[in-house]
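What follows is one structure encoded as structure tokens, with my remarks underneath.
The values are calculated or read from the model by the stated rules, or taken from the named source; none is laboratory data. Computed from a predicted structure; not experimentally measured. Heads up, the Cβs are rebuilt from the backbone with ideal geometry, glycines too, and the neighbour counts pull from every protein chain shown.
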């Protein structure tokens, strides 16, 4: 009997030890999994780095920038002469009665240089420079906009994660409140309307928690698109979005260097170059040509050299050149007006973004104070309701105020980052320019 009891205790200890060991491994595995997930989570800086490398729009714009550079180099090549070579050979093996056939050779080199073409070469170079300036401005505009989009979606994910935590607290609070109201209702100290409202508020809190989860998934897909990813697998974030470092009072500096204004100036430069090209059609084109070549039964036989100057003078084309020039001039006038309009729009955008940014900054402080006050008020209100010193209607108002201010305080922090992102976009700068 003693041995049996001893064996029972011994086996129990072994089973207990095994259970503790398994529990230890399980906890270790969970902690390792959490740690690995945290390591894979992207900080805001990580997102910027990945975005610069993989964002499809930015990659496409970089290729367009390369194309503009090649176009500029190509336009400058028109200042240099061109050299062309040709060669040929034929063999006639037919006996015509006058003798056997023979082999014939021909070759030639032509060196051409345009001496004057109505300043079209310089205009084409100006056009290429304008195209390059357009491309650089478009890249800067895209970077500012994508910076804004990244800040908005990253801060939204941060907000939704915090909101989920708040939603769980609100659900727990609504559940506790429902238990209190239900107890009083069953005891005959509360009416059915109060009971049904407390029950509906609990249901609403659970719904808002589920809604936040769905919105979080949608925001992760938006982040994946910006980063150039095809899915949200293993995608998570950590940390906060840094506040803007740009001074809201440097409006003139931002205006003069704004990429949208630079784009307008590039459009004007392009239109001026196009006018210059169209004006070139009214001038003669003069080319110098040097030729050398040979033909005959051997490569060195019958060698000829020649030099010539050719002039092509436009006389009549039934108004085609005139209408093309007038079209180019009208486009230039349009671009000049749009440049002025661009300045006005940029000024307006900066003013509005600045006002919204400053208001959002102040709103955060106001909502924090209201949240703190509502927490104290809610604690007092619950105690009074529990002892019957406060009606459900008045207590419900206090509880709703608390939850409303908690939500508003959290959302105002998110809205501040969005306002900062909009301000940076309005001044044409973003985190991709840092």
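Of note:
- Hits in the range 210-249 - residues which are touching a helix residue (DSSP H, G or I) at 6+ places or on another chain (Cβ under 9 Å), under 30 Å from residue 427 (Cβ atoms) and part of a helix (DSSP H, G or I): 215, 219, 220, 222, 223, 225, 226, 227
- Inter-residue pairs, beta-carbon under 8 Å, first more than 22 Å from residue 303 (Cβ to Cβ) and in the range 101-118, second outside any strand (DSSP E or B) and modelled with pLDDT under 80, 6+ apart: 101/92; 101/93; 101/94; 101/95
- Unmet criterion (only one of (1) within 30 Å of residue 114 (Cα to Cα); (2) part of a helix (DSSP H, G or I)) for residue 353: (1)
- Selected residue (criterion: farthest from residue 259 (Cα to Cα)) from residues of the range 389-401 that are in contact with a helix residue (DSSP H, G or I) (Cβ under 6 Å, 6 or more places away or on another chain) and free of Cβ contacts under 8 Å to residues at least 60 places away in the same chain: 390
- Meets criteria (under 29 Å from the mean Cα position of the chain (by Cα) and more than 30 Å from residue 423 (Cα to Cα)) for residue 209: no
Results for (1) over 17 Å from residue 237 (Cβ atoms); (2) touching a helix residue (DSSP H, G or I) at 6+ places or on another chain (Cβ under 6 Å); (3) at pLDDT 95 or above; (4) crowded, with 19+ Cβ neighbours inside 10 Å, shown as yes or no for each residue.
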position	(1), (2), (3), (4)
135	yes, yes, no, yes
139	yes, yes, no, no
143	yes, yes, no, yes
151	no, yes, yes, yes
157	no, yes, yes, yes
163	no, yes, yes, yes
183	yes, no, no, no
186	yes, no, no, no
189	yes, no, no, no
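- Leading residue by the ranking (nearest to residue 351 (Cα to Cα)) among those in the range 250-259 that are in a helix (DSSP H, G or I) and more than 16 Å from the chain's Cα centre (by Cα): 251
- Number of the condition not met by residue 429 [criteria: (1) surrounded by fewer than 18 Cβ atoms within 10 Å (Cβ to Cβ); (2) in a loop (DSSP other than H, G, I, E, B)]: (1)
- The set of residues from the range 274-330 being over 55 Å from the mean Cα position of the chain (by Cα) and not in a strand (DSSP E or B) comprises 297, 298, 299, 300, 301, 302.
- Residue check for residue 360: within 25 Å of residue 255 (Cβ to Cβ), at pLDDT 95 or above and more than 22 Å from the chain's Cα centre (by Cα): yes
- Listed by first and then second residue, the pairs with beta-carbon distance under 7 Å, at least 6 apart or on different chains, first residue in the range 211-237 and at positive phi and surrounded by fewer than 17 Cβ atoms within 10 Å (Cβ to Cβ), second at pLDDT below 95 and outside any helix (DSSP H, G or I), are 228/55.
- Of the residues 326, 386, 352, the single one that is surrounded by fewer than 14 Cβ atoms within 10 Å (Cβ to Cβ), over 26 Å from residue 422 (Cα atoms) and touching a residue at least 60 places away in the same chain (Cβ under 8 Å) is 386.
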